[in-house]
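Student: First the structure, which I've put down as structure tokens, then a few questions once you've had a look.
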Amino acid sequence: MLESLLFPAIASFLTALGMKILEWNKDKATTKSTEIDNEIKSATFYQTLLDDMSKRLEESIIAIEKRDVRIKERDERIEHLIDEMELLTGELRKYKQLNGKT
């Protein structure tokens, strides 16, 4: 009689214990899976940010290079105008000397 109650009780207890262990393992796996999914989402987010920043950096470098070219062209034009002004000033001095003015 004791055996008829003891074996089913032990079997039920072991079954419940086994199910609880499987449940713990499933919870650990689910938690790990969730963590991995969150890491993937974070990596994708930061990858998108980096791609956007690299695109903006390239655009900024191109804009700076264009500005530098314009500045260089202006500097060359200013140098040319200074040379012309010195030439015209020299011609004006010659003209004044021919007219007898000092």
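Student: Taking N as the number of residues in the chain, what is its Cα Rg relative to 2.2 N^0.38 Å? Write down the numbers at each step before the final one.
Tutor: Details: Rg = 43.6 Å, N = 102, 2.2 N^0.38 = 12.8 Å.
Dividing the Cα Rg of the chain by 2.2 N^0.38 Å gives 3.42.
Student: Taking just the alpha carbons, could you work out the radius of gyration and Dmax for region 21-60, both in angstroms?
Tutor: Rg, Dmax (Cα atoms, Å): 17.3, 58.
Student: If R₀ is 25 angstrom, what is the calculated FRET efficiency for the pair residue 78 and residue 51, using the beta carbon separation as r and rounding to 0.05?
Tutor: Values: r = 41 Å, r/R0 = 1.64.
For R0 = 25 Å, the calculated efficiency reads 0.05.
Student: Which one, 45, 6, 22, is farthest towards the positive end of the dipole of region 3-66 when Lys and Arg carry +1 and Asp and Glu -1 on their Cβ?
Tutor: 6
Student: Once every DSSP H run of n ≥ 4 in the chain is given -39500 (n - 2.57) and the sum is divided by its residues, what mean residue ellipticity at 222 nm do you get, rounded to the nearest 500 deg cm²/dmol? Kindly include the intermediate steps, with their values, before the conclusion.
Tutor: On the way: 1 runs with 97 residues, N = 102.
Dividing the helical sum by the residues of the chain leaves -36500 deg cm²/dmol.
Taken together, the values in this text are just the output of simple stated rules run on the coordinates, not laboratory data. Everything numeric in this text was worked out from a predicted model, so none of it was measured. Note that each Cβ is placed from the backbone with ideal geometry, even for glycine, and that neighbours are counted across all protein chains shown.
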